[in-house]
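Just below is one structure, and these are the notes that go with it.
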Amino acid sequence: MIAKKICLLGSFAVGKTSLIRRYVESIFSEKYHTTIGVKIDKKIVHCQGQDVQLMIWDIEGKDEFSVYRQSYLRGAAGYFLVVDGTRPESVEVAKEWHTLVNEQSLSLPFVLLVNKSDLFYEQRLKEENLAELTTMGWEIILTSAKTGDNVDKAFERLTTRLLEKS
Amino acid sequence: MLSQSDTERIATTISEAIIQRNLSDKSVAQALAPIIDDAIDNAIRHRPQRITRVIYPIIGPSIRKSVARALADMVQNLNQILESSLSIRSWGWRYQAWRAGMKYGEYVLLKTLDFRVEQVLLIHRETGILLHAENAAGFQVEDPELVSSMLTAVSDFISDSFSRHPDSSLDNIRVGDFILEIETGPSAILVAAIRGTPSKQVSQTLKTTLERLHLVFSREFDRFDGDRTIFASAADLMRPCLLIKHKEHTRPGIPWRALTMLAFFIGYGFWAGYLKVQNEIMYLHILDALQTSPGYVVVGESRNMPRLNIEVLRAPTSEPSREILNRLDTGNWDVAVTEHIAPLDMQEYLLPMIPSMFHLGRDTNFTRDGQALVVTGSLKETQRNNLEQNPLLKSVYSHIDFSSVEVYADQTPEEQQKNEWRQLKATIENIRFQFQPNTAELVSGEEQKIPALVANIESIRSLAEKIPVYHWQLYIVGHANSAGTDTANLRISEERAKLINELLITNHLDAELLLAWGAGNLPNSRLPEHQQRMVSLQLIHSPFIPGTEYP
């Protein structure tokens, strides 16, 4: 069975850990626990007629990039950039993450997840912001770890792109 | 097909073109990487000597690193042995080693070599993905994929945080008696999960195995894309890492060394005891020899092996102590005798000193009757006992004659009589006679106190003649409570006192020794009302010795 390492990157409290928990364990909790360092989970996903074991690295969400341990990204086959739809500033953090990955000569497939889509009336991301990212070639999926909307789809989509690349 | 001019044109600009492209993205490096890999691979296969020359500067540091690792292992073993030497567990091991008939060092070594490699993981260094796992029989597998990834993360974290050298990496993790021994290669990591304390053999085997794995799978490591199928064939290479070291059961032999030590200690104990007894016997023998020598009195001694100090009092005509000692076998004792020469016959010499020696007064006199000491006068019983049991007097005089001395108790007869007086006085004065309200009639049963009172007054009279007490009298005081007028109270208190007075006279007491009067009501009395209807007694007398205070 093929195994792939993927990372979830983004600002703090955007819902990276919740997305993984929803995807791996089908559980969501309102309680917020900040991730220290890195947390690793795994899940086998069936994609393009084969099983793929995803090793999912949930990397601590910090906004000070200088203290990131870039070695956590080493060997990743792809990654999610996760932003919070109610916090526009989290998009800027995601952009910086993307730049950081590219600086390491890692031209990897990635998907931008705009999380917390269940908070419909609190969404503050403007259409033009997302449109700008789309024009940059970013693939965007709106997700909700709370309701589970598009979570499985997001992981399957990234897996598909990983397999396409390899 | 390029023309000659095109080739020349590209040759002049290719370097600048590569540099420029490299500034915009990394595609040139990505494109060249597989070509360079193949080129190096080809060079190693066909021209190894040239490669050896090229990598020679790298080999030196690698060897140094390997030697440093070996030294670290040795220090770790030494640490374990030292800890084992100083811990509580070590005493258990010493006992077990003694039981097993082994040297302690051998036993510790045996204990430290007891281990089992329960799982070996081959991890892709770059991705942290588990490539292959080999388990010992019966080992409970704990999700090796997650363990591998997390181990890689931890290792990266440790290296990033604490190491300044890019090649340094985490070597092992210890949790209780469980150790993860980690060997890091250029492309892969080999991890052994070990229960117990591993020997150097484990890390050596891991090193060798990892080198072989790199040799066999170097291309697969470099081009790893997540497909782990090929690494199933690594099982044969990894299985030798599942080392196990069993305890060797040895038959307990006869612990000659311990038995010899034990015999030595027991022998030493007996010998020390024998010497102590011999010294005690010799000490008593020396003292006895001096004490029984004519004209000698031992007055003091102290000892601190081998020194024995003896202080003697001896007659001038008696034999000097050194001559007595010369004839004696003093054993291990170094005897020093301090002599006090008595100027007279010892019996005569001591005679005037005895009163001060025993703190005796002038009432006690001492004389000689031949060899006996005669005591006359009077002395207390305890003083008599002291004289009788004193070793010095016993050694000087044939016996002590107490036949002419009056021995009394520790109190003198006078003191005894005075104490008896005080007790009787207190007994009499404690007697109260209670009366019925508004009458001079005794409460029922109070008259029964009369016989005892009469007997005590008779005793007092007898004692007064012996002590002597020349002037004494019993005051009989009548009292009334606050009910009624003062006149009436005075009258009824007088009647009450006279009643007791008459009762005592009726019982043959001399009327001159009694004095009765009424005190009426005492306004500040704190006694309850019914108790104030009474007659009290007071024994009044002159001092025992004229001119002194009243007792």
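Within the bounds of segment B:30-38, is there any residue that is part of a helix (DSSP H, G or I) and either of a type in the set (Lys, Arg) or farther than 24 Å from residue A:104 by Cα (or both)? Step through it out loud before you land on a result.
Step one: list which residues in segment B:30-38 are part of a helix (DSSP H, G or I), which gives B:30-38.
Keeping just the survivors that are either of a type in the set (Lys, Arg) or farther than 24 Å from residue A:104 by Cα (or both) gives none.
No: segment B:30-38 contains no residue that is part of a helix (DSSP H, G or I) and either of a type in the set (Lys, Arg) or farther than 24 Å from residue A:104 by Cα (or both).
So which residues in segment B:426-437 are under 20 Å from residue B:455 (Cβ atoms) and loosely packed, with under 14 Cβ neighbours inside 10 Å, if there are any at all? Let's see the steps before the verdict.
Keep residues of segment B:426-437 that are under 20 Å from residue B:455 (Cβ atoms), which gives B:426-433.
Those that are under 20 Å from residue B:455 (Cβ atoms) and loosely packed, with under 14 Cβ neighbours inside 10 Å: B:426, B:430.
Does residue A:2 count as under 17 Å from the mean Cα position of the chain (by Cα), within 14 Å of chain B (Cβ to nearest Cβ) and either surrounded by 17 or more Cβ atoms within 10 Å (Cβ to Cβ) or under 21 Å from residue A:154 (Cα atoms) (or both)? Spell out how you get there, then give the answer.
Working: under 17 Å from the mean Cα position of the chain (by Cα): no; within 14 Å of chain B (Cβ to nearest Cβ): yes; either surrounded by 17 or more Cβ atoms within 10 Å (Cβ to Cβ) or under 21 Å from residue A:154 (Cα atoms) (or both): yes.
The answer is no for residue A:2.
Pick out the one residue from A:111, A:82 that is away from every other protein chain (no Cβ under 14 Å), touching a Phe, Trp or Tyr at 6+ places or on another chain (Cβ under 6 Å) and within 30 Å of residue B:124 (Cα to Cα).
Working: A:82 fails: touching a Phe, Trp or Tyr at 6+ places or on another chain (Cβ under 6 Å).
Just a single option satisfies the conditions, and that option is A:111.
Quick check on my filter: what residues within segment B:371-425 are surrounded by fewer than 15 Cβ atoms within 10 Å (Cβ to Cβ), more than 30 Å from residue B:290 (Cβ to Cβ) and more than 54 Å from the chain's Cα centre (by Cα)?
Hits for segment B:371-425 are B:377, B:403, B:404, B:406, B:413, B:414, B:422.
May I ask you to verify whether residue B:438 is touching a residue at least 40 places away in the same chain (Cβ under 8 Å) and either of a type outside the set (A, V, I, L, M) or touching a Ser or Thr at 6+ places or on another chain (Cβ under 9 Å) (or both)? Write out each step before concluding.
Working: touching a residue at least 40 places away in the same chain (Cβ under 8 Å): yes; either of a type outside the set (A, V, I, L, M) or touching a Ser or Thr at 6+ places or on another chain (Cβ under 9 Å) (or both): yes.
So residue B:438 passes the test.
I'd like to know if segment A:122-137 contains one or more residues that are over 13 Å from the mean Cα position of the chain (by Cα), in a loop (DSSP other than H, G, I, E, B) and closer than 30 Å to residue B:189 by Cα.
The first filter runs over segment A:122-137 and keeps only residues over 13 Å from the mean Cα position of the chain (by Cα), leaving A:122-137.
From what's left, in a loop (DSSP other than H, G, I, E, B): A:123-126, A:136-137.
Adding the requirement that they be closer than 30 Å to residue B:189 by Cα leaves none.
The answer is no, given that none of the residues of segment A:122-137 is over 13 Å from the mean Cα position of the chain (by Cα), in a loop (DSSP other than H, G, I, E, B) and closer than 30 Å to residue B:189 by Cα.
Return the residue satisfying two criteria in turn: it lies in segment A:51-74 and is modelled with pLDDT of 90 or more and under 21 Å from residue A:166 (Cβ atoms), and of such residues it is farthest from the other protein chains (Cβ to nearest Cβ). Even if it seems obvious, please write down each step before you answer.
Just the residues of segment A:51-74 that are modelled with pLDDT of 90 or more, to begin with: A:51-58.
With under 21 Å from residue A:166 (Cβ atoms) added as a condition, the list becomes A:51-57.
Working: A:51: 11, A:52: 7, A:53: 7, A:54: 10, A:55: 5, A:56: 9, A:57: 7 Å.
So, considering only residues that are modelled with pLDDT of 90 or more and under 21 Å from residue A:166 (Cβ atoms), the one farthest from the other protein chains (Cβ to nearest Cβ) is A:51.
Give segment B:451-494 a look and list any residue that's more than 23 Å from residue B:417 (Cβ to Cβ) and of a type in the set (Asp, Glu), or say none.
Kept after step one, since they are more than 23 Å from residue B:417 (Cβ to Cβ), are these residues of segment B:451-494: B:451, B:476-494.
Within segment B:451-494, B:486, B:494 qualify.
Out of (1) over 16 Å from residue B:433 (Cβ atoms); (2) at pLDDT 90 or above, what's the single condition that is false for residue B:519?
For residue B:519, the failing item is (1).
What's the number of the only condition in (1) modelled with pLDDT of 75 or more; (2) hydrophobic (A, V, I, L, M, F, W, C); (3) buried (at least 16 other Cβ atoms within 10 Å of the Cβ); (4) within 48 Å of the chain's Cα centre (by Cα) that residue B:91 fails to meet?
Looking at each condition in turn, residue B:91 falls short on (3).
So which residues in segment B:115-138 are more than 10 Å from chain A (Cβ to nearest Cβ) and touching a helix residue (DSSP H, G or I) at 6+ places or on another chain (Cβ under 9 Å), if there are any at all? First the steps, then the outcome.
Filtering segment B:115-138 down to residues more than 10 Å from chain A (Cβ to nearest Cβ) leaves B:115-123, B:132-138.
Answer for segment B:115-138, where residues must be more than 10 Å from chain A (Cβ to nearest Cβ) and touching a helix residue (DSSP H, G or I) at 6+ places or on another chain (Cβ under 9 Å): B:115, B:117, B:119, B:120, B:121, B:122, B:123, B:132, B:133, B:134, B:135.
Please state which one of B:15, B:24, B:5 is exposed (fewer than 10 other Cβ atoms within 10 Å of the Cβ), more than 20 Å from residue B:218 (Cβ to Cβ) and modelled with pLDDT of 80 or more. Working first, answer last.
Values: B:24 fails: modelled with pLDDT of 80 or more; B:5 fails: modelled with pLDDT of 80 or more.
Every option except B:15 fails the conditions.
Output the number of the condition that residue B:470 fails; it satisfies all remaining conditions of (1) among the hydroxyl-bearing types (Ser, Thr, Tyr); (2) in a helix (DSSP H, G or I); (3) modelled with pLDDT under 90.
(2)
Do you know which residues across segment A:127-146 are within 19 Å of residue A:96 (Cβ to Cβ) and either touching a His at 6+ places or on another chain (Cβ under 8 Å) or in contact (Cβ under 8 Å) with a residue 12 or more places away in the chain (or both)?
Result: A:129, A:130, A:133, A:138, A:139, A:140.
Results for (1) facing another protein chain (nearest Cβ under 9 Å); (2) at pLDDT 70 or above; (3) assigned to a helix (DSSP H, G or I), shown as yes or no for each residue.
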position	(1), (2), (3)
B:108	no, no, yes
B:148	yes, yes, yes
B:158	no, yes, yes
B:166	no, no, no
B:170	no, yes, no
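Provide a single number: the residues in segment A:119-166 that are closer than 21 Å to residue A:57 by Cβ, of a type in the set (Gly, Ala, Ser) and more than 14 Å from chain B (Cβ to nearest Cβ).
2
Answer yes if at least one residue in segment B:236-251 is loosely packed, with under 10 Cβ neighbours inside 10 Å and among the β-branched types (Val, Ile, Thr), and no otherwise.
No, segment B:236-251 contains no residue that is loosely packed, with under 10 Cβ neighbours inside 10 Å and among the β-branched types (Val, Ile, Thr).
Given the criteria closer than 30 Å to residue B:159 by Cβ and more than 14 Å from chain B (Cβ to nearest Cβ), does residue A:34 qualify? Steps first, answer last, please.
Details: closer than 30 Å to residue B:159 by Cβ: yes; more than 14 Å from chain B (Cβ to nearest Cβ): yes.
In short, yes.
Could you grab me the full set of residues in segment B:4-24 that are more than 20 Å from residue A:104 (Cβ to Cβ) and either within 60 Å of the chain's Cα centre (by Cα) or hydroxyl-bearing (Ser, Thr, Tyr) (or both)?
Answer for segment B:4-24, where residues must be more than 20 Å from residue A:104 (Cβ to Cβ) and either within 60 Å of the chain's Cα centre (by Cα) or hydroxyl-bearing (Ser, Thr, Tyr) (or both): B:5, B:7, B:12, B:13, B:15.
Between a residue in segment B:23-41 that is among the β-branched types (Val, Ile, Thr) and any residue that is surrounded by 12 or more Cβ atoms within 10 Å (Cβ to Cβ), which pairs come within a Cβ distance under 7 Å, given they are 6 or more apart or on different chains?
Between residues of segment B:23-41 that are among the β-branched types (Val, Ile, Thr) and residues that are surrounded by 12 or more Cβ atoms within 10 Å (Cβ to Cβ), the close pairs are B:28/B:18; B:28/B:21; B:28/B:22.
Please pick out the residue among A:27, A:44, A:40 that is outside any helix (DSSP H, G or I), more than 14 Å from chain B (Cβ to nearest Cβ), farther than 18 Å from residue A:165 by Cβ and among the β-branched types (Val, Ile, Thr).
Details: A:44 fails: more than 14 Å from chain B (Cβ to nearest Cβ); A:40 fails: more than 14 Å from chain B (Cβ to nearest Cβ).
Selected residue: A:27, the only one of A:27, A:44, A:40 that is outside any helix (DSSP H, G or I), more than 14 Å from chain B (Cβ to nearest Cβ), farther than 18 Å from residue A:165 by Cβ and among the β-branched types (Val, Ile, Thr).
Is it true that some residue in segment B:76-85 is surrounded by fewer than 11 Cβ atoms within 10 Å (Cβ to Cβ), away from chain A (no Cβ under 14 Å) and modelled with pLDDT under 70? Give the steps one after another, and end with the answer.
Start the filter on segment B:76-85 by keeping residues that are surrounded by fewer than 11 Cβ atoms within 10 Å (Cβ to Cβ), which leaves B:78-79.
Adding the requirement that they be away from chain A (no Cβ under 14 Å) leaves B:78-79.
Subsequent filtering for residues that are modelled with pLDDT under 70 retains B:78-79.
Yes, segment B:76-85 has at least one match.
The values are calculated or read from the model by the stated rules, or taken from the named source; none is laboratory data. Remember, it's a predicted structure, so these values are computed and weren't measured experimentally. Cβ coordinates were reconstructed from backbone atoms using ideal geometry, including for glycine residues, and neighbour counts include every protein chain displayed.
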